[in-house]
Amino acid sequence: HLVRNLRGKLLLVHGLLDVGCHPAALFQLIDAMIRENKDFDLVLIPNGGHAWTDYGMRRAWDYLVTHLLGAQPPRSFKLTTGADGTV
């Protein structure tokens, strides 16, 4: 019921194996946003859990660079955080 108050850009990143937030909750949020005609961007990480993956983190940074700085993020940049178990 608070979705109607959202303003600006919204990026949703969800690891579909997250045991702390079931995908059904994400789909309920998306359904509410569609009903309120709100725009959003969505990144699904099929084998991701609750922790950020390198890909999810890069997409979040790209989103911030694009929508806060108004700049184009570098293409083919591979962000490595170690969150995927790699360095």
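The values are calculated or read from the model by the stated rules, or taken from the named source; none is laboratory data. This is a predicted model, so every value here is computed, not measured. Cβ: placed from backbone, ideal geometry, glycine included. Neighbour counts: every protein chain shown. When the accessible area is computed, the model is the full protein with side chains, heavy atoms only, and any ligands, DNA or RNA have been set aside. Shrake-Rupley method; radii C 1.70, N 1.55, O 1.52, S 1.80 Å.
Worth a mention:
- Phi-based couplings in Hz for the stretch 66-76 (Karplus 6.51, -1.76, 1.60; Gly and Pro marked x): 5, 9, 9, 8, x, 10, 8, x, x, 6, 6
- Gain upon complete extension [GLN72, LEU16; 0.36 nm per residue less C-alpha separation]: 17.3 nm
- Protection-proxy order for peptides 12-19, 32-39, 69-76, each taking the mean of Cβ atoms within 10 Å per residue, highest first: 12-19, 32-39, 69-76
- Spin-label pair PHE27-ALA60: with each label point 7 Å from Cα along the Cα-Cβ axis, the two points sit 2.5 nm from one another.
- Rg over Rh, two decimals, the chain (C-alpha only, Kirkwood Rh): 1.00
- Å² of accessible area per residue within the chain, as computed with a 1.4 Å probe and no ligands counted: 75
- On the beta carbon distance between ARG7 and LEU44, with R0 = 25 Å, the FRET formula returns roughly 0.55.
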